[in-house]
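Undergrad: My structure is below; once you've seen it, I'll send some questions.
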Amino acid sequence: MSQISAQYDAVMLVSYGGPRQMEDVLPFMRNATSGRGVPDERLKQVSTHYGRFHGISPINARNLEIRRALELELSRRGEEIEVVIGNRNWHPFIHDTLCDLAMRGLTRVLCIFTSAYVCYSGCRQYREDLAAAKAQLQAQDLSLELDKVRAYYTTEGFVGAYTKLLLEAVVKREQNSGHLPYVAFVTHSIPTAMQECSGPADNSRPDYVRQHQQVCSEVAARVSKELGRELNWDLSYCSRSGPPQMPWLEPDINDRLAQLKAEGITDVVCVPIGFICDHMEVVYDLDTEAKETAEQLGLNYLRVPTVGTDPGFIEALADLVTERAGEKAGGAVLYAQDALEPRWPAWAPLGDSRGSKNALDLPVEFETRKE
């Protein structure tokens, strides 16, 4: 029996989910905003974003590609283990995927969140989803053992993939314009209150903003070294939501593009550093809205691809599966290669990713499993 299959029966990509047709959009958005009191009138306004894409979110196809690539990489290593997908907000839901696995006797499940970074919505909330699904299945007399890999924004596979993609884009833009472009790294904005709770109180690990700054700094430094010249860059945000009186991380990428134009910048390369694959926040907020803003401002704008199925990134995910299996077995652990420090534990202590009181509702087992 292989090292991984000795510890786990399946690997589950835990993701956000997205609609597959226009009829899915409103119910999907109701799920995504559940408990926030957002009226249907507002949801219908936002749903026009999906209308441009016939109600189809690219996240579903991209996650399937990652699932297949990871399963193939594990198989190449002699690890025959099923990789599945479970979503928070649309089919296949986390509960349904776990129920199917349990009904087939696959009860030891290792989870990989499709958010590389640590904050409430990208980590702790998924842990709540898993806890809720497990409780529902226990009520159906179906027991599961759930585990997860650590946050992976620090891995060489993630950092190296974005380094390669940015270098290609910068070289392409320079060939067209004759000078280096400005690099606008972009990630999903979150409420400032969530940001303030995204790292441990003792500062032993970075908060959400600092996590991104570490990655951006490393990627920019590597590309600058390859070019032999220094890149100018900064970090902006996209996809702000919620009431206008609630403060979120800024600047928004559209506002930043206007500032760059005023500063005399003519060429901008946009790097979706906060995302591992294309979904609505990428294809609408960056490829549509930000691109239109850039065109109106007279800026040359190029968006770097997300890491997706980049071989190095997929290898890093497979390494994390192997790493976690080794930790669970209690023997020697072959850790995935990191480009940045510090390495996060698989199960972050209470507070590391807590953005609301709901995070306190996790079962005790989720709070006590710490490295």
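Values in this text are rule-based calculations from the coordinates and carry no lab data. Only a predicted model underlies this, so the values are computations on that prediction, with no experimental measurement involved. No Cβ is skipped: glycine too gets one built from the backbone with ideal geometry, and neighbour counts run over all protein chains shown.
Undergrad: Running a GNM on the chain with Cα contacts under 10 Å, which residue among T306, T33, T163 ends up with the highest mean-square fluctuation?
TA: Between T306, T33, T163, it is T33 that shows the largest mean-square fluctuation.
Undergrad: When the chain is treated as a GNM, springs tying every alpha-carbon pair under 10 Å, which of K225, K291, K134 comes out with the largest mean-square fluctuation?
TA: Comparing K225, K291, K134 in a Gaussian network model of the chain, the most mobile one is K225.
Undergrad: For C119, which sequence-distant residues (separation of 5 or more, or a different chain) have an amide H within less than 5 Å of its own amide H, given hydrogens modelled in the peptide plane?
TA: For C119, whose amide H was placed from the backbone, the distant partners under 5 Å are R124.
Undergrad: Follow-up. Of all beta bridges DSSP finds with both residues in the range 156-303, what is the antiparallel percent, to the nearest 5?
TA: 5 percent
Undergrad: Tell me, in nm to one decimal, what length is gained between E263 and D40 on full extension, where the rule is 0.36 nm per residue of separation less the Cα-Cα distance?
TA: Full extension of this stretch gives 76.2 nm more.
Undergrad: Please report W90, W347 as a ranked list, fewest other C-beta atoms within 10 angstrom at the top and most at the bottom.
TA: W347, W90
Undergrad: Further, regarding this structure: If amide H atoms are built 1.01 Å from N in the plane of the peptide, which residues on other chains or at least 5 residues away come under 5 Å of the amide H of Y182?
TA: D267, V268, V269
Undergrad: Also, I was wondering about something else. Among residues other than C99 whose Cβ falls under 12 Å from its Cβ, what is the net charge (Lys/Arg +1, Asp/Glu -1)?
TA: That works out to -1.
Undergrad: Between A329, A290, A61, where does the largest GNM mean-square fluctuation fall for the chain, given springs only between Cα atoms within less than 10 Å?
TA: Comparing A329, A290, A61 in the GNM, the peak value goes to A329.
Undergrad: Assign unit charges at the C-beta atoms only (+1 for Lys and Arg, -1 for Asp and Glu), then state the dipole size of the range 156-303 relative to its Cα centre in Debye, rounded to the nearest 20.
TA: 340 debye
Undergrad: How big is the gap, in Å, between the Cα center of the range 210-229 and the Cα center of the range 56-101?
TA: Taking the Cα centre of the range 56-101 as reference, the centre of the range 210-229 is 31 Å away.
Undergrad: Another question, if that's okay. For every helix of n ≥ 4 consecutive DSSP H residues, a contribution of -39,500 (n - 2.57) applies; sum these over the chain, divide by its total residues, and give [θ] at 222 nm rounded to the nearest 500 deg cm²/dmol.
TA: Helices in the chain give a 222 nm mean residue ellipticity of -13000 deg cm²/dmol.
Undergrad: A further question follows. Would you mind ranking H49, H179, H212 by Cβ crowding within 10 Å, fewest neighbours first?
TA: Listed from fewest to most nearby Cβ atoms, that is H179, H49, H212.
Undergrad: Please list, in chain and number order, the residues 5+ apart from T155 or on another chain whose amide H is under 5 Å from its amide H, with Hs placed from the backbone.
TA: Sorted by chain and number, the residues that satisfy this are A339.
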